[in-house]
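Some notes on the structure that comes next.
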Amino acid sequence: MGTPKITFYPVGNGDMTLLELESGARVLIDINIRQAGEGIRDVAKDLRSNLAIDAKGRPYVDAMVLSHPDQDHCRGLEEQFHLGPLSDYDDTAETKKIVIREMWSSPIIFRRASVNHTLSDDAKAWNKEARRRVAQFRENGIGANGDRILVLGEDADGKTDGLSAVAFISPVLV
């Protein structure tokens, strides 16, 4: 068992926090990964230095939380993180994408999309991946690392009915 640790990444506006639990599990809350350069820190490099590597050499977070879908809380998702089934992971890439073993997401945060508030491409990618994982759960039950999702709260019109079982299987906090 390790010592719990919190790392706040210097991302300017927005947030990016890594929680390292006593168990060694790592929970990432929001991301704002911009292109490093003059005056912009390489937080992708910083994050990678704090992550574990799985048996196949892939960096991973045990869980990732998106607090809300504004660009400064999900920027860099598509570029830095693997989205989709792990069977589609590109092991040949020079810089390996980070695996999200378990997503923690509320469907209600995407109700912010409107004529006056459009979702960024990264927010849309998060939403698409969350929907893929929910569909996988509905079809096959609890998924393996890289397919899990913890649905936080409930959605309108019963859209999240039957997903409460997902909330009880999170191995990250066990």
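The values are calculated or read from the model by the stated rules, or taken from the named source; none is laboratory data. Source: prediction; values computed, not measured. FYI the Cβ positions are ideal-geometry reconstructions off the backbone, even for glycines, and counts take in every protein chain you see.
Brief remarks follow.
- Counted residues, region 69-111 - those being of a type in the set (Asp, Glu), surrounded by fewer than 21 Cβ atoms within 10 Å (Cβ to Cβ) and touching a residue at least 60 places away in the same chain (Cβ under 8 Å): 1
- Any chance Asn140 is surrounded by fewer than 19 Cβ atoms within 10 Å (Cβ to Cβ) and modelled with pLDDT of 80 or more: yes
- Selection of region 59-68 for residues being part of a loop (DSSP other than H, G, I, E, B), buried (at least 19 other Cβ atoms within 10 Å of the Cβ) and either out of contact with any Phe, Trp or Tyr (no Cβ under 6 Å at 6 or more places or on another chain) or on the phi > 0 side of the Ramachandran plot (or both) yields only Asp62.
- Selected residue [more than 23 Å from Trp126 (Cβ to Cβ), out of contact with any Ser or Thr (no Cβ under 9 Å at 6 or more places or on another chain) and surrounded by fewer than 11 Cβ atoms within 10 Å (Cβ to Cβ)] from Glu22, Glu38: Glu38
- Single condition Gly84 does not satisfy, out of (1) closer than 24 Å to Thr17 by Cα; (2) at pLDDT 90 or above; (3) in a helix (DSSP H, G or I); (4) out of contact with any strand residue (DSSP E or B) (no Cβ under 9 Å at 6 or more places or on another chain): (3)
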